[in-house]
1. What does the highest-first list of 29-37, 188-196, 131-139 look like by mean Cβ count within 10 Å?
2. Can you compute the FRET efficiency between ILE4 and TRP167 using 1/(1 + (r/R0)^6), with r the Cβ-Cβ distance and R0 = 22 Å? Round to the nearest 0.05.
3. Using 7 Å Cα-to-Cβ label points, what is the SER81/GLN108 separation (nm, one decimal)?
4. Taking the highest mean first, how do the peptides 12-20, 141-149 order by number of other beta carbon atoms within 10 angstrom per residue?
5. Given 0.36 nm per residue, what is the gain on full extension from TRP38 to ALA13 after removing their alpha carbon distance, in nm?
Amino acid sequence: MMTIQQWLALGFAMLLLAALPSLSVLTVVTRSASLGLWHGALTTAGIVLGDCLWILLALVGLEQVAQFESWLPLLRTLSGSYLIALGIELWRSRDRVRAELPLKQTSQPASFLAGLLLTLADQKALLFYLGFFPTFLNLERITLQEIAGVMAIAVGTIGGVKLTYAWLTVQGQQRLISRHQRWLQAIAAGLLITIGLLLWLQLIWG
């Protein structure tokens with residue numbers, strides 16, 4: 001069983017890793033800036049679920065990982081296409097004032113799926129976890145309690161950091177003059193399309 005010091009070290013390491021700039025952080029910031037904190041939170045929920053699935057695969061063994069890898073090109077294609085579509089939709093709506101965009105007119109599941117698909121399309125996350133966890137855990141003798149503990153730490157650290165990014169984005173945006181809203185939406189749309197194109201390019205570059 002892991003000691004308290006090992007749990008604390010694992011939690012601190014995952015907290016630092018979650019805070020590093022990445023495509024997931026950029027997606028959370030983009031959805032928060034264009035649609036508000038609630039959409040940033042939904043994107044965060046999708047990212048957390050995706051990371052938890054990668055973590056579970058890393059903990060349960062390489063056999064399951066090999067079976068899942070065959071789906072990665074399809075997931076990357078779907079994720080890239082989905083984010084590009086969201087960016088185009090946001091670009092087309094940039095002339096509307098944010099106050100005129102109630103949440104029910106924007107797709108809340110779209111924000112959740114954006115975070116989930118983006119995370120599942122990132123094969124490097126799985127490879128990272130496969131190399132990361134043996135530093136703290138004996139994967140050959142891991143218990144259900146340890147798996148549950150790792151999942152709880154992942155939800156707390158990844159979710160907490162991404163929600164903080166979303167909150168800071170909204171707070172910073174509220175200080176801007178309303179006439180800049182059109183430009184903010186245009187930038188957010190461009191970022192979403194760029195992220196989607198990067199996922200497509202990963203299929204070519206491997």
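Every read-out reported here was derived from the displayed coordinates using simple, explicitly stated rules and does not represent laboratory data. Predicted model only: the values in this text are computed from it and were never measured. Reconstructed Cβ throughout: ideal geometry from the backbone, glycine too, with neighbour counts over all protein chains shown.
1. Descending mean neighbour count gives 29-37, 188-196, 131-139.
2. On the way: r = 30 Å, r/R0 = 1.36.
That gives a FRET efficiency of 0.15.
3. Reported label-point gap for SER81 and GLN108 is 2.7 nm.
4. Numbers: 12-20: 15.1, 141-149: 12.8.
Order by mean packing, descending: 12-20, 141-149.
5. Separation in residues times 0.36 nm, less the Cα-Cα distance, equals 6.3 nm.
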